[in-house]
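Working notes, structure below.
A short reminder: the numbers here are calculations on the coordinates, not readings from a lab. Just so you know, these numbers come straight off a predicted model, no measurement behind them. Every residue, glycine as well, gets a Cβ built from its backbone with ideal geometry; the counts of neighbours run over all protein chains shown.
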Amino acid sequence: MPAKAPHDQRQDRHVRAVAVQPHWHASDFTSADAFRRWMRAQLDMARPHLRADRPNLVVLTELNGLPLVLRGSSWALRLRTFERVALALFLARLPRTLPLLLRERVSPIRALQLAGSDANAALYLQTCQDLARENRVYLCCGSTPMPRYALRGGRITRARGVLTNQTVLLDPNGDLIGVTDKVHLTPDEQSGGVDLTPGDLTELRVFPTPAGDLGVAISLDAFRSDVTGRLDAQGCTVLLQPDANGAPWTSLEGLPPDPAHRRDQPVAWLESSWQVTATSSRIRYAVNPMVVGNLLNLTFDGQSAITARPDEAPVARSYVLTDPRPGFLALAPWVQDGPPDTLRATGRQLAAHSGHPRENQYLEATLHADLTVPPSATLPPAPTPHEEALRALLRGDVPWPTPGRSASWLAGAALLALSLAAWYGRRPRND
């Protein structure tokens with residue numbers, strides 16, 4: 001396995017960055033073994049691109065732990081849509097979901113996720129820890145819905161009702177570097193969708209490592225100047241943008257603050273990593289892996305990229321439906337090239353439940369690039385209580401928390417009916 005290169009903060013450092021674009025299926029999340037195989041396959045894709053003479057940084061995709069809500073319920077896949085599956089799982093797990101809904105005053109979809117969050121967080125983090133250690137890499141684990149933990153009196157406690165879209169960074173020993181929560185949630189992540197908790201902008205920090213001074217801007221956060229500007233001001237040199245774009249890549253996009261202004265998805269993506277590295281004062285590189293594949297009735301597609309300042313990446317190329325330009329060190333191909341109308345037709349054919357022979361025939365890809373990062377001028381940030389708790393869990397110093405006590409079913413029957421009526425019928429998607 002590649003060895004950890006010596007770390008000299010006084011000199012420029014050479015780093016190998018790898019972005020993995022996996023193809024996911026709902027069946028990858030129906031058991032712990034299936035999930036481990038899917039995650040391990042991504043590091044297998046990365047391994048041929050690792051270097052023995054420098055630090056290796058592997059970046060995985062956004063919300064790659066979200067579908068673990070399916071774990072233990074392969075029967076639910078027959079229901080075919082996210083809405084039906086979520087409702088069926090909530091009811092099937094009522095002894096765990098109803099008490100959470102009542103006690104923590106959360107929606108049914110958040111209660112469903114919280115009911116399995118401790119076990120799923122343990123599976124997710126332990127899997128990532130094993131992969132970081134075995135491959136001797138700095139690992140951006142992607143992101144997953146994560147509770148907020150604290151260590152009190154030698155035991156782990158969970159903050160009531162909190163579930164953020166969170167990235168975890170690990171070093172080659174599998175030790176925690178730090179975590180970052182997504183600040184700007186898309187409509188599909190808010191109360192009408194998977195109902196996550198927004199992160200706090202003031203908690204965004206940069207983590208100095210031999211692989212660069214790393215800052216994380218999950219998906220939409222990389223489009224927002226308050227996030228990227230804060231990371232730039234703290235000395236970020238390598239921006240990590242895990243992504244799960246919940247729409248066909250060739251469809252139109254419109255998001256706040258101006259949802260009426262719709263443009264092609266690839267045009268919009270030029271306003272994230274590519275624009276950041278073209279304009280930031282300190283951020284030299286950005287690594288943006290994007291997951292592809294259909295989950296039930298949900299479509300995920302995109303083109304993963306590693307970007308740099310134009311003078312470091314002078315070759316003109318770009319996403320489909322956009323004009324070639326400098327700034328891309330590495331770029332995954334899309335399914336095909338061609339005129340816009342042909343590409344848009346292909347996007348519809350690939351999408352979930354299209355019924356076309358090309359349905360779900362997306363491309364996996366692995367990108368790599370060598371980065372030259374400057375000497376670090378950033379001190380490691382003080383760990384948060386949540387990070388201290390995760391470190392203790394990953395070291396095995398404390399056991400993972402166990403589910404709480406149940407509540408009376410009768411006391412909550414009316415509230416359950418009202419909550420389900422308010423939530424069901426909305427169409428949650430992930431991005």
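Using +1 at the C-beta of Lys and Arg and -1 at the C-beta of Asp and Glu, which of 231, 281, 32 has the Cα lying farthest in the positive direction of the dipole of the stretch 13-423?
Towards the positive end, the residue furthest out is 32.
What number, in percent, do you get for the relative contact order of the chain if the mean sequence gap of Cα pairs under 8 Å and at least 6 apart is divided by its residue count? It would help to have the intermediate numbers written out before the result.
On the way: 968 pairs, mean separation 94.7, N = 431.
About 22 percent, as a whole number.
Under 5 Å between amide H atoms, partner at least 5 residues away or on a different chain: which partners does residue 177 have, H built in plane at 1.01 Å?
Residues meeting the amide H criterion: 169, 170, 171.
Give the cysteines in the chain for which no other Cys Cβ lies under 4.7 Å away, or write none if there are none.
Cys with no partner Cβ under 4.7 Å: 140, 236.
By per-residue mean of other Cβ atoms within 10 Å, what is the highest-first order of 151-158, 114-121, 212-219, 89-96?
Numbers: 151-158: 13.4, 114-121: 22.1, 212-219: 28.0, 89-96: 17.5.
Listed from highest to lowest mean packing, they are 212-219, 114-121, 89-96, 151-158.
Per residue of the stretch 29-42, what does 6.51 cos²θ - 1.76 cosθ + 1.60 with θ = phi - 60° give for ³J(HN,Hα)? Whole Hz please, x for Gly and Pro, Karplus curve as stated.
So the Karplus estimates, Gly and Pro as x, are 10, 8, 8, 5, 5, 5, 5, 4, 4, 5, 5, 5, 4, 5 Hz.
Assuming a viscosity of 1.002 mPa s and a temperature of 20 °C, what translational diffusion coefficient in µm² per second does Stokes-Einstein assign to the stretch 138-219, Rh being the Kirkwood radius over Cα pairs? Could the numbers behind the result be given before it?
Working: Rh = 13.8 Å.
Here the translational diffusion coefficient equals 155 µm²/s.
How large is ³J(HN,Hα) for each residue in the stretch 370-383, as worked out from phi by the Karplus curve 6.51 cos²θ - 1.76 cosθ + 1.60 (θ = phi - 60°), to whole Hz, x for Gly and Pro?
Using θ = phi - 60°, the values come out as 9, 10, 10, 9, x, x, 6, 10, 10, 8, x, x, 5, x Hz.
In whole Hz, with x marking every Gly and Pro, tabulate ³J(HN,Hα) for the stretch 280-295 from phi via Karplus 6.51 cos²θ - 1.76 cosθ + 1.60, θ = phi - 60°.
Ordered by residue, 3J(HN,Hα) equals 6, 7, 10, 6, 8, 9, 9, 10, 10, x, 10, 7, 10, x, 9, 10 Hz.
Based on the alpha carbon coordinates of the stretch 13-423, what radius of gyration and maximum Cα-Cα distance (Dmax) apply, in Å?
Considering the stretch 13-423 through its Cα atoms, Rg and Dmax are 20.7, 66 Å.
In what sequence, highest mean first, do 12-21, 276-285 appear when ranked by Cβ atoms within 10 angstrom? Walk me through the intermediate numbers first.
Values: 12-21: 23.3, 276-285: 20.2.
Going from most to least packed, we get 12-21, 276-285.
List the residues, sorted by chain then number, that are 5 or more residues from residue 212 or on another chain and whose placed amide H is less than 5 Å from its amide H.
Result for residue 212 returns nothing.
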